[in-house]
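Everything on this sheet refers to the single structure shown next.
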Amino acid sequence: MASFNSSSRDQQEEEDPGSDLQYRHQIIPEPSREGFTSALPNAIHMRQLLIRCAELISKSDFSAAHRLVSILSGNSSPYGDSTERLVHQFAKALSLRLNSCCYAATAAASATTTATAASAPMMRIISPAETSATATTTNNSNNADTEPEEALQSCYLSLNQITPFLRFSHLTANQAILEAIDKGQKAIHILDFDILHGLQWPPLMQALAERSYPPPMLRITATGHDLNILHRTGDRLLKFAQSLGLRFQFHPLLLHNSNDPVIPPALALLPDEALAVNCVHFLHRLLKDDSRGLRLFLHKIKALNPKVVTIAEREANHNHPLFLQRFVEALDHYSAVFDSLEATLPPYSGERFTVEQVWFGREIMDIVAAEGDNRRERHERFESWEVMLRGSGFSNVPLSPFALSQAKLLLRLHYPSEGYHLHIRNDSLFLGWRNRALFSVSSWQ
């Protein structure tokens, strides 16, 4: 899918976006799959059709968008190559958004009809297609929330195994914490937002146990949305700490609303205790249509006076207020992600199928189909985070050359491919696929 990139965007913009009749004449006359297969020969053309469909939805041309979604769905598959799999996910998300838009338009028309009913009494018959759109919207409006929690947790573990994205983020953040806290520090307290399975911490615990004797006391206050998962994570980390001879405490903190995380009042530091705040793939969830909630959160963190704040985020702007801009950005980002999976995993990998369908498919559905407060995957580029962090009083702490060396070793040992690349920019470390950055990790004080 290397051709599924931004260079084709210029070619797309040179075309006349208003030539609907010519476009439909070229694409729609033959209903057979064979005809469409020959009409859609490559990834660039598929990208253009996806963007064209998003344009039609933006213009409320739902009839033409429906026909194009059918074409895209018929020429994609969750079992094909990376292009087919990507188109399959985006076609599903576009279909959901289209149904939602159609339902909203129908509701608005119904309200108008009701308002004029006194002067022109009439009975309105709802078509089967309209009923289907309503049912689809109702059943899928909270798609990200209805995925079984166990499936998501299992998928998270698979994501950690088959891609370098989580391990890169964890390893680099851990190195920043180690470098920010003195070797002679007697006690360390980590406030970890959304710890999940705690996969980040065993390597750090081992490093702490090995670099000084006696090793420091380690406390982790961990937030999450499931108290059972938090307790199981704490139990596993406690057993691992005991195997290392590391004094350890774990404090679970249940977040009822990730949009307004509570800074625990019991976070008062013990004597000789250094605080590190870990926000790995977390901050984007605090963004809404404005950044006031995030800025308030950052000011509260700054008031705790931590030794270091580690941040990892996607290198993509999925928070653009305009749907079409957000769609194109997501298409380019996930094109690179799916391309990396295609190049580094066997053709019939069950783990890849699950990660694409459950994890990345869920994200794509959220970015493309959700709006308002229902949209949660609001990733921003590093420059946006930099502005917000500096505006909240933080300064960027440069990541060391050793952090870069560690990340290179991780890729070489566990994810060997010429496609992955690392580079340091603005004192922060970026992981990308070919010519596109995908993730960033930075350290702040």
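The values are calculated or read from the model by the stated rules, or taken from the named source; none is laboratory data. Computed from a predicted structure; not experimentally measured. Don't worry about glycine lacking a Cβ; one is built from the backbone with ideal geometry, like all the others, and counts go over all protein chains shown. Accessible surface is based on the protein model in full, side chains and every heavy atom, while ligands, DNA and RNA are left aside. Shrake-Rupley method; radii C 1.70, N 1.55, O 1.52, S 1.80 Å.
Below is a table of values for the structure above.
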quantity: Odd one out for Glu329 among (1) surrounded by fewer than 18 Cβ atoms within 10 Å (Cβ to Cβ); (2) on the phi < 0 side of the Ramachandran plot; (3) without any contact (Cβ under 8 Å) to a residue 60 or more places away in the chain; calculated: (1)
quantity: Subset tally (residues that are of a type in the set (Val, Ile, Thr) and either surrounded by fewer than 18 Cβ atoms within 10 Å (Cβ to Cβ) or touching a Leu at 6+ places or on another chain (Cβ under 9 Å) (or both)) for region 332-353; calculated: 1
quantity: Residues of region 386-413 that turn out to be within 24 Å of Pro203 (Cα to Cα) and either exposed (fewer than 12 other Cβ atoms within 10 Å of the Cβ) or free of Cβ contacts under 8 Å to residues at least 12 places away in the same chain (or both), as a count; calculated: 6
quantity: Residue check, Ala274 among the small types (Gly, Ala, Ser) and part of a loop (DSSP other than H, G, I, E, B); calculated: no
quantity: Residue in region 359-380 that is among the small types (Gly, Ala, Ser), within 24 Å of Leu49 (Cβ to Cβ) and not in a helix (DSSP H, G or I) present; calculated: yes
quantity: Per-region count, region 214-231, residues part of a helix (DSSP H, G or I) and among the polar types (S, T, N, Q); calculated: 1
quantity: Qualifying residue in region 235-244 (condition: open to solvent by less than 20 Å² (accessible area, probe 1.4 Å), under 27 Å from the mean Cα position of the chain (by Cα) and under 24 Å from Ser428 (Cβ atoms)); calculated: no
quantity: Unmet criterion (only one of (1) over 19 Å from Asn374 (Cβ atoms); (2) open to solvent by less than 10 Å² (accessible area, probe 1.4 Å); (3) of a type outside the set (Ser, Thr, Tyr); (4) without any contact (Cβ under 8 Å) to a residue 60 or more places away in the chain) for Lys300; calculated: (2)
quantity: Subset of region 147-174 [hydroxyl-bearing (Ser, Thr, Tyr) and either under 14 Å from the mean Cα position of the chain (by Cα) or buried (at least 18 other Cβ atoms within 10 Å of the Cβ) (or both)]; calculated: Tyr156, Ser158, Thr163, Ser169, Thr172
